[in-house]
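S.K.: Following this message is one structure expressed as structure tokens.
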Amino acid sequence: MRAVVIAEASTVVLVEGESDRLAIEALAVRLGADLAAADAAVVSMGGVTNLHHHLAALAAEADAPGGGSARRVLGLFDAAETAYVRRAVDDAGLGGVGAPLDELGFYSCEPDLEGELIRALGPARVEELLADQGELARFRTFQRQPFQRGRELDAQLRRFMGTHAGRKAQFAPILVGALEATRIPAAMAALVAAAVDGGLRPPPT
């Protein structure tokens, strides 16, 4: 496994991939949260299965001679990965074993980040954004595939986002930028609030 390189920051926000990183950074801008001023860095792990490795690297850094104090660690993950994240967090000793993950700074998206954003925006609005980016015709072709026929529109949109390399990363900040303030997903807003040390509160639901 390749060596872990984590940005120098007092707060490290671990996310699964580049689309998650771009979404959180875009949301911080939307909420007026200055991650740099808070000395917080969002780090893409290249997959949730690298969480153990990243947490171990942070622990080893803190334990090394001259390593300084342990850094705050936060995270965002898909709901289906809750059991895995639970084990990783407990193994790393990040708070009491069995404590709610959100109380430890790890927040879950249901079912994933794209699902949260599509639900918040509504499928019709997401289709408008696809049209703005010249992707609607490709989506219509995708919908005609046998496996996609009969599926709910939001499920089709979620799957479409992952069918082309870079599409998730392309649309993550676009979807975040289109959100109404009162529709920002709670998990994402809570993570940004925690990253700036509680200086923000999630918007009302």
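S.K.: Given the criteria in contact with a helix residue (DSSP H, G or I) (Cβ under 6 Å, 6 or more places away or on another chain) and either charged (D, E, K, R) or at positive phi (or both), does Asp154 qualify?
M.R.: For Asp154, the condition - in contact with a helix residue (DSSP H, G or I) (Cβ under 6 Å, 6 or more places away or on another chain) and either charged (D, E, K, R) or at positive phi (or both) - is met.
S.K.: Could you identify the single residue in Gly150, Gly134 that is modelled with pLDDT under 95 and over 22 Å from Val15 (Cβ atoms)?
M.R.: Gly150
S.K.: Being in a helix (DSSP H, G or I) and of a type in the set (Lys, Arg) is the filter; apply it to segment 136-186 and report the residue that is nearest to Gly17 (Cα to Cα).
M.R.: Pass one, segment 136-186, residues in a helix (DSSP H, G or I): 136-143, 153-161, 167-178, 181-183, 186.
Applying the additional criterion that residues be of a type in the set (Lys, Arg) yields 138, 140, 158-159, 167-168, 183.
Working: Arg138: 24, Arg140: 27, Arg158: 16, Arg159: 16, Arg167: 12, Lys168: 9, Arg183: 23 Å.
Restricting to residues being in a helix (DSSP H, G or I) and of a type in the set (Lys, Arg), the top hit is Lys168.
S.K.: Restricting to segment 136-167, give me the number of residues that are open to solvent by less than 80 Å² (accessible area, probe 1.4 Å) and either of a type in the set (D, E, K, R) or over 25 Å from Thr82 (Cα atoms) (or both).
M.R.: At the first step, the residues of segment 136-167 found to be open to solvent by less than 80 Å² (accessible area, probe 1.4 Å) are 136-137, 139, 141-143, 148, 153-157, 160-163, 166-167.
The next check asks that each one be either of a type in the set (D, E, K, R) or over 25 Å from Thr82 (Cα atoms) (or both); those that pass are 136-137, 139, 141-143, 148, 153-154, 166-167.
Residues in segment 136-167 being open to solvent by less than 80 Å² (accessible area, probe 1.4 Å) and either of a type in the set (D, E, K, R) or over 25 Å from Thr82 (Cα atoms) (or both): 11 in total.
S.K.: Restricting attention to segment 118-135, which residues are open to solvent by 80 Å² or more (accessible area, probe 1.4 Å) and part of a loop (DSSP other than H, G, I, E, B)?
M.R.: Answer for segment 118-135, where residues must be open to solvent by 80 Å² or more (accessible area, probe 1.4 Å) and part of a loop (DSSP other than H, G, I, E, B): just Gln133.
S.K.: Here is a check on your reading of the model: is Asp78 farther than 28 Å from Thr182 by Cβ, in contact (Cβ under 8 Å) with a residue 12 or more places away in the chain and either of a type in the set (S, T, N, Q) or in contact with a strand residue (DSSP E or B) (Cβ under 7 Å, 6 or more places away or on another chain) (or both)?
M.R.: It is false that Asp78 is farther than 28 Å from Thr182 by Cβ, in contact (Cβ under 8 Å) with a residue 12 or more places away in the chain and either of a type in the set (S, T, N, Q) or in contact with a strand residue (DSSP E or B) (Cβ under 7 Å, 6 or more places away or on another chain) (or both).
S.K.: Within segment 128-144, is even one residue charged (D, E, K, R) and under 28 Å from Ala7 (Cβ atoms)?
M.R.: Checking segment 128-144: not a single residue is charged (D, E, K, R) and under 28 Å from Ala7 (Cβ atoms).
S.K.: Given the structure, is Asp63 farther than 25 Å from Val176 by Cβ and of a type in the set (Asp, Glu)?
M.R.: yes
S.K.: Strands (runs of 3 or more DSSP E) wholly in segment 33-117 with at least 1 residues that are basic (Lys, Arg) and open to solvent by 20 Å² or more (accessible area, probe 1.4 Å) - which ones?
M.R.: Details: elements: 40-44, 72-78, 106-109.
Of the strands (runs of 3 or more DSSP E) lying wholly inside segment 33-117, those with at least 1 residues that are basic (Lys, Arg) and open to solvent by 20 Å² or more (accessible area, probe 1.4 Å) span 72-78.
The values are calculated or read from the model by the stated rules, or taken from the named source; none is laboratory data. Everything numeric here is computed off the predicted structure, so don't read it as measured data. Quick reminder, even Gly has a Cβ in these numbers, built from the backbone with ideal geometry, and neighbours come from all protein chains shown. Remember, those area values only see protein heavy atoms, side chains included, never the ligands or the DNA or RNA. Shrake-Rupley method; radii C 1.70, N 1.55, O 1.52, S 1.80 Å.
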